Amino acid sequence: MDIKHQLRDIFPSKWHLTFFITYILLYIFNAILIRFSQRVGVRSYDYDTISVVLFTEVLKLILACGFYLREGNSFENLFKQLYRYRSLALFYLAPATLYCVYNNLSYINLSHYDPTSYYILLQLRIGVTAATYQVIFKRYLTWKQWVSLILLTIGCVIKQLDSIEFSTSQGGTFLNGYLLLIGVQIMCSCLAGVYNEYLLKGEVDSHLMVQNIFMYADSILCNLFAVSFYSKQTALIDLNIFTKPIVLLIIIVNACCGLSTSFFIKTFNSIMKSYTTGIELLLTAVICFFIFAIPLNGFTIISIFVVSYATYMFARNPVITVTYKALTPSSSASSLNIPILELKKVEVTNK
């Protein structure tokens, strides 16, 4: 089977390819914005990041409701759908809690690891995601798919080596007491991502935005708990973030990233999302070279080739998206009129 035919399996229409590229560019733009928001000369922020996460979830909830109503649905219909699928509130509490733990552990771990060591260790989630994907969906990857994932992990690690400091003076070594927290953070990320995909593809008859509303509402509850937990040391909610235009833009872009992620997982799968992470990492490095004059050294060049080859291997041996029926039975079809659901009838064939 030639590469063009295999690419058609991954991207059945121009819409799928356009969305895939837009998704990557959106996350690159988000990374650059966060870079702009950092204090000059240091990797820290002059705003409360927990409040930013909280208000991002609030905006995502508002946008999800808006998208649902924009299709001609009424508030009455929305409430009926929420009541009909109320059990989803309990199901989505699991990934919402896992994402909340992940976000808060990221701040704790970054305070005990230098950023490079932290992101190198975090690349282990690529392999863990694949293993979790096999367990939850009971779909086993071929050896070529595993090799491409391993190469992707190696490529991402090589990219992070470009700024590593081989010194223990800053306490940034891999083997310390906080390695367990890194492991917990990785497991939270992988379980939340794959389980969220299972929910999105399991209850196909419920509207995607209805599922998002439950997800974001649960996320707000979890983040409110996190904010109240940290309120012993800081203010409950930092409203000063609304006086900073760059922070407001970050909230808006983050909300768009969150919504696009639900579309992405519904359309593709968690394995493909891992590849977008590698592509985003390298493209961000190239773009930052032109914007921030951050040099491209040998590590970056090597990682570009490794990740590119890993992506090529995946394109030759893709994991095709398939629908899984789960949770509660439903009788009505979804009113979501976008090309996402067209991909779900494709049968799985691992080459």
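The values are calculated or read from the model by the stated rules, or taken from the named source; none is laboratory data. No experiment lies behind these values; they were computed from the predicted model shown. Don't worry about glycine lacking a Cβ; one is built from the backbone with ideal geometry, like all the others, and counts go over all protein chains shown.
Some points to look at:
- Meets criteria (at pLDDT 90 or above and either surrounded by 12 or more Cβ atoms within 10 Å (Cβ to Cβ) or among the aliphatic types (A, V, I, L, M) (or both)) for residue 91: yes
- Among the residues of region 141-156, those that are within 15 Å of residue 186 (Cβ to Cβ) and either touching a residue at least 40 places away in the same chain (Cβ under 8 Å) or more than 19 Å from the chain's Cα centre (by Cα) (or both) comprise 149, 156.
- Among the numbered conditions (1) at pLDDT 85 or above; (2) among the β-branched types (Val, Ile, Thr); (3) closer than 30 Å to residue 149 by Cβ, the only one that residue 116 does not meet is (1).
- Listed by first and then second residue, the pairs with beta-carbon distance under 8 Å, at least 6 apart or on different chains, first residue in region 185-205 and over 25 Å from residue 123 (Cα atoms), second assigned to a helix (DSSP H, G or I) and at pLDDT 90 or above, are 203/88; 203/211.
- Selection from region 13-31 of residues that are over 29 Å from residue 247 (Cβ atoms) and buried (at least 17 other Cβ atoms within 10 Å of the Cβ): 16
- Filter pass, residue 178 being touching a His at 6+ places or on another chain (Cβ under 6 Å) and modelled with pLDDT under 90: yes
- Just one of the listed residues (65, 100) is at pLDDT 95 or above and either in contact with a His (Cβ under 8 Å, 6 or more places away or on another chain) or of a type outside the set (Gly, Ala, Ser) (or both), namely 65.
- Test: residue in region 82-89 that is farther than 24 Å from residue 222 by Cα and not basic (Lys, Arg): no
- Residue match in region 264-282 (condition: aliphatic (A, V, I, L, M), in contact (Cβ under 8 Å) with a residue 40 or more places away in the chain and in contact with an Asp or Glu (Cβ under 6 Å, 6 or more places away or on another chain)): yes
- Single unsatisfied condition, residue 273 versus (1) surrounded by 20 or more Cβ atoms within 10 Å (Cβ to Cβ); (2) farther than 20 Å from residue 59 by Cβ; (3) within 12 Å of the chain's Cα centre (by Cα): (1)
- Lone unmet requirement of (1) out of contact with any Phe, Trp or Tyr (no Cβ under 8 Å at 6 or more places or on another chain); (2) of a type in the set (Gly, Ala, Ser); (3) assigned to a helix (DSSP H, G or I) for residue 64: (1)
- Within region 280-289, not a single residue is within 19 Å of residue 145 (Cβ to Cβ), more than 22 Å from the chain's Cα centre (by Cα) and modelled with pLDDT of 75 or more.
- Any hit, region 267-276, residues being among the aromatic types (Phe, Trp, Tyr) and within 13 Å of residue 155 (Cα to Cα): yes
- One residue from 30, 73 being outside any helix (DSSP H, G or I) and of a type in the set (S, T, N, Q): 73
- Among residues of region 284-310, those that are over 30 Å from residue 201 (Cα atoms) and in a helix (DSSP H, G or I), counted: 17
- When each of 292, 305 is tested for being at pLDDT 75 or above and more than 30 Å from residue 81 (Cα to Cα), the lone residue that passes is 305.
- Filter result for residue 135 (part of a helix (DSSP H, G or I) and either modelled with pLDDT of 90 or more or under 28 Å from residue 284 (Cα atoms) (or both)): no
- Looking only at region 63-77, and only at residues there that are without any contact (Cβ under 8 Å) to a residue 60 or more places away in the chain and surrounded by 12 or more Cβ atoms within 10 Å (Cβ to Cβ), the one that is farthest from the chain's Cα centre (by Cα): 77
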